[in-house]
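What follows is one structure encoded as structure tokens, with my remarks underneath.
Taken together, the values in this text are just the output of simple stated rules run on the coordinates, not laboratory data. Quick caveat, the model's predicted, so the values are computed rather than measured. Backbone-built Cβ (ideal geometry, glycine too); neighbour counts: all protein chains shown.
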Amino acid sequence: MKGQGLDRQRTRLRLWLGLFFIALALPSTVLVYKAYDQLKWESFRQQQVAAAELAARVDRRLGEIARVEDARPVTDYGFLTGDPERPGVQRSPLAQHPIQTDVPGLVGWFQVDEQGDFSTPLVPEDARAPARYGIDPAELARRQAAAARIEGVLIGNRLVERGPVPVEAPGREQAASAALPETAPAKVTAARERLSQQAFDALGESRYANTRSATDKAKAKVEADDGVALSAPAVQGLGPVEALALDAALAKRAAPAPTAAKPAPPADAVLRARTSAASAVNSPRREGAQDAPAAAALAAQRGDRGAASTVRLFTNTVEPLTLGLLGSGHFVLFRAVHQGGARIIQGLLIEQEPFLIGLMGEPFQATGLALTTDLIVAFRDEVLTAFRARQERGSISSVRELSGALLYRTRPREPFGGLELIFSVGRLPVPPGAAVIGWVAGLLTLVLVAGTWLMDRLGRKQIGLVRQQQAFVSAVSHELKTPLTSIRLYAELLRAGFADADRRQVYYRYIQEESERLSRLIANVLTLSRIDRDALIVSPAAVPLTALMDLVQERVTAQVERAGFTLVLECRAPGVVQADPDAFVQILINLVDNAVKFAAQAEPKIVEIRCECPRAGWVRVAVRDFGPGVPRAALRQVFQLFYRGEDAARRAIPGTGIGLALVERLVQAMGGRVEVVNREPGAEFRVELPSAPDAQYTG
């Protein structure tokens, strides 16, 4: 029953400690999580600011390209900038070959007149007299090849219309025809292919439509006119932007508060503005006040960039630049020029990959974003390419945590508004405070777990101590009651006169022995009380070992003989020991009493006390019995306060569990040590005390 009560107390202790642990762990976990989340948010915000700065740099670079091309005179798209028959004529700055430009991936400039005739500043208009312009035949061939490449890309992307081929087709037409796909039927090569300005219009109208819708319209028109299907390379995009499934929760959290903005004009209004503007610039009164509304409409359509508004250059009207994406993957940056009642398309052809790498990929790789962020480039809601982050160590998030979260999304200004820069999180870098949070969380966890474990051990120890104290009180009560009962019994017999002279001597001896037993018990309890109060005082002095052993023999002989044992005392180590006589005698009495109790059923019934010098400066006093010995598991526990082994409980051996604990504390107080070893048979307790020279003896 006592064991069951102890188990219930331990169960309740663990239950309360578990509740205490949870009560501290939950708020601590929430605090650490909130701190960690705030660090992630700050790191996310820093990456977002860096992405916005990079996007702004890209936008400025694109804007510079647009300003240069917008400001370019109409005459620059010819090989010569003036009339070749007049003095002062000079080459166009676009006529340089090889092409020198700041636009990455630029293939070349081109011009398409109202009849669909193609020209480029690379080749002189009068191709039959190249030497007149200082061009040798080899250079002319290279220029014509570059021009054929530009024209072939435009024709190969269905920006064409068909008509009969004149007999006097120049070499440039042959070069253009050579650039057509080799699989085209004979009917195609027999027709004159003119670049269609309507296809350029369709390319510009598809501002937010599918990327290849304009070229598909042109292809359908060509096939309907000639009944011939054309084959040309088509760009296979990486999929629509909506298929990315980016988590925009954190990006919305970082977004500024919405402000009242003027709604964008509907698509049909923009189209009507474009149509009315085109009608206005084609009307005979293009220099009148009626041109202002058209210019305003075009400016509203193109955005707030000043260079994108319609510009009137004397008799020429230059429309804003437009960016289109061909089916082959080339970008076309073009504009419409109304000159003398005719409409001309002027523009430049750009290769997609070098353009995106030079303007976006290389600046992206040069920043810290390349280590943590993915950059996705889209055009008109179609993904073109992605620059992946270089995964490295030192990230605050795991491999999947926040991976793919939308970081920042923006579009450049017109005419590059069809492009879109999408930054998504690869891994968040570790902010400076993350290590501190990690150490604090680890330390808090360690303290909480270790503290709970220590409290559990302390509580269990206290519960065991309480149980031992209860058992001690019960044992002391029993130990006190037994000698008192015997003393009272023999005292009453003597008082009643029921004993003769011989028996009176026996009764007197019993009363004396029980009184001594009672005195030993009271002395142990008092000594224990002084130890608990830290009031134990011993006075070691230089005492002859023989004198101490005489005191011990006088005090324990009767105790041993009454228990039916024989005392064997051997002391062949003369000298002086540093000890308190009273404490020394109490130690030996407790050891002898322990031997008598645990070896009561042993044979032979002998208690040995020996003295020896194990090493210089030390004296050993050993007390041995011939009983069952001490179990190996209990060798380190026998000196614990209130400890009583299972054997003592099973054999109902009397005792309080404080005798050996007092032995250890008294020996340590005198500067010595005590140990127990098993012998064959029995157990031997060894007390070692420091020795002293004979000269120090004062007794």
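Odds and ends about this structure:
- Ordering Val619, Val436 by the number of other Cβ atoms within 10 Å of each residue's own Cβ, fewest first, gives Val436, Val619.
- Calculated on C-alpha atoms, the gyration radius of region 479-555 divided by its Kirkwood radius gives an Rg/Rh of 1.15.
- Test item: Cα-centred dipole of region 435-530, Lys/Arg +1 and Asp/Glu -1 on Cβ, debye: 160 debye
- Most tightly packed first, judged by the mean number of other beta-carbon atoms within 10 Å of their residues, the peptides 439-452, 662-675 read 662-675, 439-452.
- Under 5 Å, built H, 5+ apart or other chain: amide partners of Ala541: Ala579, Asp580
- Rg ratio for region 537-696: its Cα radius of gyration over 2.2 N^0.38 Å, N being its residue count, equals 1.00.
- Under the Karplus curve 6.51 cos²θ - 1.76 cosθ + 1.60, θ = phi - 60°, whole-Hz ³J(HN,Hα) for region 436-448, x wherever Gly or Pro sits: 5, 4, x, 5, 5, 5, x, 5, 4, 5, 4, 5, 5
- For region 435-530, the fraction of alpha-carbon pairs lying more than 19 Å apart is 66 percent, rounded to a whole number.
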